[in-house]
Amino acid sequence: MSPKPAYRRVLLKASGEALMGDQGFGIDVSVVDRIASDIREARQMGVEVGVVIGGGNIFRGVAVASKGGDRVTGDHMGMLATVINSLALRTSLVKIGVDAVVLSAIAMPELCESFSQRQATAYMNQGKVVIFAGGTGNPFFTTDSAAALRAAEIGADALFKGTQVDGVYTADPKKDPSATRYERITHSDVLRDGLSIMDAAAIALARENHIPIIVYSIHEEGGFGAILRGEGRCTVVSD
Ligand code: UDP
């Protein structure tokens, strides 16, 4: 019999950049398909999965602001980018037989349902993968903060932060070969040392709600499932 997964309900945060693969921009469907198949594996283990996707592969609000434009409008554009990515992931999940729904923080009823905590929880209880689009719905926030917020709202046991590397290191492992990976650190360590895992608001929200953050490589096929089985490589940020 396969072991009981380490977590019952999780929130997965993938940055928009993770979806673009080797391209410099946009969406590489084969990468989205691979992430979808990792999510399917988690569902097959009985784990309930919520997902927040960033929009950095398409647009970030700061790009407008840095050229003298209106930051709020830029952030609206960034939030729209997350909706595009969310729809791409839903398509990939549905294609492989995973029941998935997109709930957006910004109402756009022709494209997807609007977010409410009650509806999100109801769908998760039914075993649907819920993709939270539109970030928090507010400018000046990030999808990292949206991920911590949605994790708290759905009562997630853990927030999985898919990154470029398989955890948090003492130094950049690409530049310093002697860098070692932390097995475990605390939210407070991350904030105190300014470790760039997620933005500070997201870490603080996770700490306040006692939600562990699992930092792992989103590029490793099957990595998500392996960690859920208690086998994969990652860093656990917890109390
Ligand atoms: N954004 C926002 N409010 C939110 C989430 C996102 O205004 O609650 C905007 C912001 O402009 C951000 C962009 O959407 O730069 C894309 O999100 P993010 O940078 O978090 O994406 P990622 O880096 O994860 O791809």
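The values are calculated or read from the model by the stated rules, or taken from the named source; none is laboratory data. Here the structure is a predicted model, which means the values were calculated and not measured. So basically every Cβ, Gly included, is an ideal-geometry build from the backbone, and we count neighbours across all protein chains shown.
Assorted remarks:
- Single condition D199 does not satisfy, out of (1) out of contact with any helix residue (DSSP H, G or I) (no Cβ under 6 Å at 6 or more places or on another chain); (2) within 14 Å of the ligand (Cβ to nearest atom); (3) at pLDDT below 95: (1)
- Looking only at region 28-73, residues that are outside any loop (DSSP other than H, G, I, E, B), of a type outside the set (K, R) and in contact (Cβ under 8 Å) with a residue 24 or more places away in the chain come to 18 in all.
- Among the residues of region 110-144, those that are in a helix (DSSP H, G or I) and farther than 23 Å from A63 by Cβ comprise Q117, R118, Q119, A120, T121, A122, Y123, M124, N125.
- Residue among V102, V52, V64 that alone is among the aliphatic types (A, V, I, L, M) and more than 10 Å from the ligand (Cβ to nearest atom): V102
- Test: residue in region 183-197 that is without any contact (Cβ under 8 Å) to a residue 24 or more places away in the chain and outside any helix (DSSP H, G or I): yes
- Of all residues in region 146-170, exactly one satisfies the criterion of being small (G, A, S), surrounded by fewer than 24 Cβ atoms within 10 Å (Cβ to Cβ) and assigned to a helix (DSSP H, G or I), namely A152.
- Listed by first and then second residue, the pairs with beta-carbon distance under 6 Å, at least 6 apart or on different chains, first residue in region 129-150 and in contact (Cβ under 8 Å) with a residue 40 or more places away in the chain and more than 8 Å from the ligand (Cβ to nearest atom), second charged (D, E, K, R) and assigned to a strand (DSSP E or B), are A147/K13.
- Scanning region 88-105 for residues that are surrounded by 18 or more Cβ atoms within 10 Å (Cβ to Cβ), outside any strand (DSSP E or B) and of a type in the set (A, V, I, L, M) gives A88, L89, L93, V98, A105.
- Search result, residues across region 106-122 that are over 18 Å from the mean Cα position of the chain (by Cα) and either under 20 Å from G155 (Cα atoms) or buried (at least 21 other Cβ atoms within 10 Å of the Cβ) (or both): S114, S116, R118, Q119, A122
- Of the residues screened, A202 is not one that is in contact with a Leu (Cβ under 6 Å, 6 or more places away or on another chain) and among the aliphatic types (A, V, I, L, M).
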